[in-house]
Amino acid sequence: MDQIAYLLVNFGGPRTLQEIEPFLRSLLTDKDVVRTRLPQVFHNYLFGRVAKRRAGKIAQDYVKLGGGSPIWSDTEYLAAELRKKLHAPVLAFHRYLPSTHKNFLEEFHAMSSQEICVFPLFPQFTYATTGSVARFLEQHCSKKLIQKMRWVKSYPAHPAYVGAMQRTVRDFIDNRGLQEEEIFLIFSAHGLPKEFVQKGDLYEYECRLSYQAIIQAFPKTHSLLCYQSKFGRGEWLRPYTEDVCHEIVKKAQGRRYCVFVPISFTSDHIETLFEVEEQYMPIIIKHGLYPFRTPALNRRPDWIEAIVHILSDATPCTTSMLIRS
């Protein structure tokens, strides 16, 4: 019997245009993501309709990305590379790709390891990502399997993650011949309703930890942490990335070049490839400045090495510790 196996968990993303609607339905009917007081059946009906409408609106956005999101293939690639590095079984789980769940659960229940280490591809913890995955697995896996799981909760300021992020930014600005003194770094994290944080979610705190650690390598730049992808009504974490773009001349304080850094995204997908490039960067151009976007960590070899390092020294926690009550 193998002593340990690994589970790599991520959001998932539609691989084809046909998967957009089921992806959105799975996402929006998840009450860890969209919290309402409605009974689940009514919540599912309402947000199933929202998902259908929204899928039609954003299909063309995915067409511009080649017809789907790269997040699925990137996650599977990381799992394959980690199998080689760790000399152990590594499975990937895609939370909002329901067509993959049946085969995943069959493979997962067939694992014979005494312990399963779960690694979320979400550096900063929130109940809306890591917590949602933990709840799904608790609901769909045997009690025996759940008892084997040990989670890496998050790693917002782990030196290996921070170092990989710093090298990603450094490689980008060096390859483009940019000078730190001329750069305004826009660290754009995925947004979260402010209410979540007020009720104890650690996400905003951990985003700040990541930002403060990464920026240490760039003392000559000017920088800001902001939040994108607001959905629906209500107050979300501020400042909003879009607002920063509209106020870019003031925010940049004389810097000519604006470089977006996707701080909470380890794989590029619609929020970086479309939202940043097609919605935010044109605003900056209209103000006469020059915007760029660094890639996410994606398939970088140093990111794969970073995962191995984090796995080796993280303090594990149990599944139940990550689920919002």
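The values are calculated or read from the model by the stated rules, or taken from the named source; none is laboratory data. Keep in mind it's a predicted model, so treat the numbers as computed, not measured. Cβ: placed from backbone, ideal geometry, glycine included. Neighbour counts: every protein chain shown.
Just wondering, is there one or more residues in region 34-49 that are under 30 Å from Arg150 (Cβ atoms), part of a helix (DSSP H, G or I) and assigned by TED's automatic domain parsing to the domain that holds Ile307?
Taking every residue of region 34-49 in turn, at least one turns out to be under 30 Å from Arg150 (Cβ atoms), part of a helix (DSSP H, G or I) and assigned by TED's automatic domain parsing to the domain that holds Ile307.
How about region 51-74: which of its residues are over 17 Å from the mean Cα position of the chain (by Cα) and of a type in the set (D, E, K, R)?
Lys52, Arg53, Arg54, Lys57, Asp61, Lys64
In the list Val244, Val249, Val261, Val308, which residue meets the criterion of being part of a strand (DSSP E or B), modelled with pLDDT of 95 or more and either surrounded by fewer than 18 Cβ atoms within 10 Å (Cβ to Cβ) or not assigned by TED's automatic domain parsing to the domain that holds Gly66 (or both)?
After applying the criteria, what remains is Val261.
Given the conditions (1) within 24 Å of Val162 (Cβ to Cβ); (2) under 13 Å from the mean Cα position of the chain (by Cα), and given that His94 satisfies all but one, which numbered condition is not satisfied?
Of everything listed in (1) within 24 Å of Val162 (Cβ to Cβ); (2) under 13 Å from the mean Cα position of the chain (by Cα), His94 misses just condition (1).
Any residue that is in the same structural domain as Ile214 (by TED's automatic domain parsing), crowded, with 17+ Cβ neighbours inside 10 Å and in contact with a helix residue (DSSP H, G or I) (Cβ under 6 Å, 6 or more places away or on another chain) - is there at least one of those in region 86-97?
no
Here is a list of conditions, (1) touching a Leu at 6+ places or on another chain (Cβ under 7 Å); (2) surrounded by fewer than 16 Cβ atoms within 10 Å (Cβ to Cβ), and Thr266 meets all of them except one; can you say which number that is?
Answer for Thr266: the failing condition is (2).
State all residues of region 1-33 that are in a helix (DSSP H, G or I), among the charged types (D, E, K, R) and touching a Ser or Thr at 6+ places or on another chain (Cβ under 8 Å); if no residue qualifies, say none.
Passing the criteria: only Glu19.
Among the residues of region 18-50, which ones are over 21 Å from the mean Cα position of the chain (by Cα) and either surrounded by 18 or more Cβ atoms within 10 Å (Cβ to Cβ) or over 15 Å from Tyr96 (Cβ atoms) (or both)?
Within region 18-50, Thr36, Arg37, Leu38, Pro39, Gln40, Val41, Phe42, His43, Tyr45, Leu46, Phe47, Arg49 qualify.
Kindly check whether there is at least one residue in region 273-281 that is at negative phi, surrounded by fewer than 18 Cβ atoms within 10 Å (Cβ to Cβ), touching a helix residue (DSSP H, G or I) at 6+ places or on another chain (Cβ under 8 Å) and of a type in the set (S, T, N, Q).
Yes, region 273-281 has at least one match.
For region 189-241, how many residues meet the condition of being in a loop (DSSP other than H, G, I, E, B) and β-branched (Val, Ile, Thr)?
Final tally of qualifying residues: 1.
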